[in-house]
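Below you'll find the structure, written out as structure tokens, and then a few comments.
Read-outs: derived from the displayed coordinates by stated rules, not from any lab. Not measured: the values here are computed from a predicted model. When we count neighbours, we look across all protein chains shown, and the Cβ atoms used for this are built from the backbone with ideal geometry, even at glycine.
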Amino acid sequence: MNELPPAHEKDDHSHEAPAAEKPASTLPTSVMVLGFIAITLVGVLIASAIRSKPAAEAKEPGDDTALREAKARIQMLQNSVNEERAKLGLSPMYGQDTQSAEVVAARITDDAATLVAMAKGVKELIGKKDDEIAQRNQELTNAAKVQAALRDKLAKAEQKLDEALIGDSDASALRTQLDAANKRVVALGDEVRRLKEGPGDMQARLNAVIADRDSLQARLADLESRLSQASLFAGTESELFKEAVDLFRSLRELENKPDSEIATAYSQFGAKMGANVLDKIDFTTGSSDLPPEDITKITRFAAEAPDNALLIVIGYASETGNVDANRVLSSERATAVAKVLDHAKKAGQRVQAAYLGQTDRFGSKFPERNQISEIWQIVPKSN
């Protein structure tokens, strides 16, 4: 089989989530307090003017000009106070009628208390928003750590898979690791969906998390495909399904036997092992490619086989050429047929490929007749 190149994974994303900036308060408490002081001073000035009005009239009853100027100043101050209150969202303090200093002071005190309560509410709201942003930042940091751990696990799994394709491998343990990695990817997807509900300024980071998750899912799909191919081919007898071991040994022992003995053995495999040869797939010299018509025929075998059948493909090569190259070629031919069967198999069926290398069993005078793969069907005996 062709050796697969080692995988490299590039990580363009930082593991650390940036800290969110805290929004500035739109109405600082210090500004409000200064406003209250200004309003209070104006109120005191007005109150003083109101109180001094009768005294001024008593002392200078004939000075109409001074009285008008005092009234004008008072009116101007009242208008100024009302404007400042309107800016703060408060109702006007002065109308057409002049109010006593006590009433003015009481209204100023009430308004100050109202504004202090409003400022406290705004401050509490800002604090809650700050806490929420801090929590979202922590969640992003945790998600980045999960991704880093997942990438490390995938790299280790990929390295182990590459080693398995070169030598003997423990496909079951590797599959367990891949399943665990796949669950982590699903969990990461859930985390992404949850984080999408956070503040808008986190969208860029979320996009990076989503892109990283999609990349990891693509790597998982590739690893699963390669794992499936690795477990599909049995490089040694120990890797075969236990129901196929006797058949494989018997076929290997028939090498260099007379044609009559080979024919007799084939006729007895069904009764002894529940194994029957379905067909022989021919290949051109030096090739493991399947023409479309053969793919259609192979697919039909899986559909017609019993639901619990084992479909075993044995690859061969002619004795022409290099022995080692023919061994590889026979394994590639068996794997090519097994891939088609594996894709078309039913839920309860199992497929496996093996090879016996070069032979002249199927035609000593015609080498091209040995360039084949046999498709065997084994139906396990019920207990």
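Just a few scattered comments:
- Per-residue Cβ neighbour rank within 10 angstrom, fewest leading, LEU77, LEU154: LEU77, LEU154
- Cα-based shape type of the stretch 277-322, given that a ≥ b ≥ c are square roots of the gyration tensor eigenvalues and the cut on a/c is 1.5: oblate
- Net +/- balance of residues flanking LYS346 in space, Cβ distance below 12 Å, scoring K and R +1, D and E -1: -1
- Alpha carbon centroid spacing (whole Å) that separates the stretch 120-160 from the stretch 284-346: 50 Å
- Label separation (ALA148 vs ARG193): 2.7 nm, computed from points 7 Å beyond Cα along the C-beta direction.
- Förster radius 45 Å - calculated FRET efficiency between ARG68 and LEU125 (Cβ-Cβ, nearest 0.05): 0.35
- Computed from phi, the 3J(HN,Hα) profile of the stretch 276-283 under the Karplus parametrisation 6.51, -1.76, 1.60 (θ = phi - 60°) reads 9, 7, 8, 5, 10, 9, 7, 10 Hz, with x in place of Gly and Pro.
- For the stretch 258-383: rounded, prolate or oblate by the Cα gyration tensor [a/c cutoff 1.5]: oblate
- The stretch 249-345: GluC sites (Glu not before Pro) falling in loop per DSSP and having at most 16 other Cβ within 10 Å: GLU255, GLU319
- Among GLY286, GLY270, PHE248 the positive-end extreme of the charge dipole of the stretch 238-378 (Cβ point charges): GLY270
- ³J(HN,Hα) computed for each position of the stretch 138-153 - Karplus, 6.51 cos²θ - 1.76 cosθ + 1.60, integer Hz, glycine/proline x: 5, 5, 5, 4, 4, 5, 5, 5, 4, 4, 4, 5, 5, 4, 4, 5
- Karplus-derived 3J(HN,Hα), 6.51/-1.76/1.60, for each residue of the stretch 182-190, Hz, glycine and proline x: 5, 5, 5, 5, 4, 4, 5, x, 5
- GLY357 long-range amide H proximity, modeled H, under 5 Å: ALA317
- For LEU278, residues with placed amide H under 5 Å, excluding near neighbours: ILE375, TRP376, GLN377
- Burial ordering of ARG73, ARG369, fewest other beta-carbon atoms within 10 Å first: ARG73, ARG369
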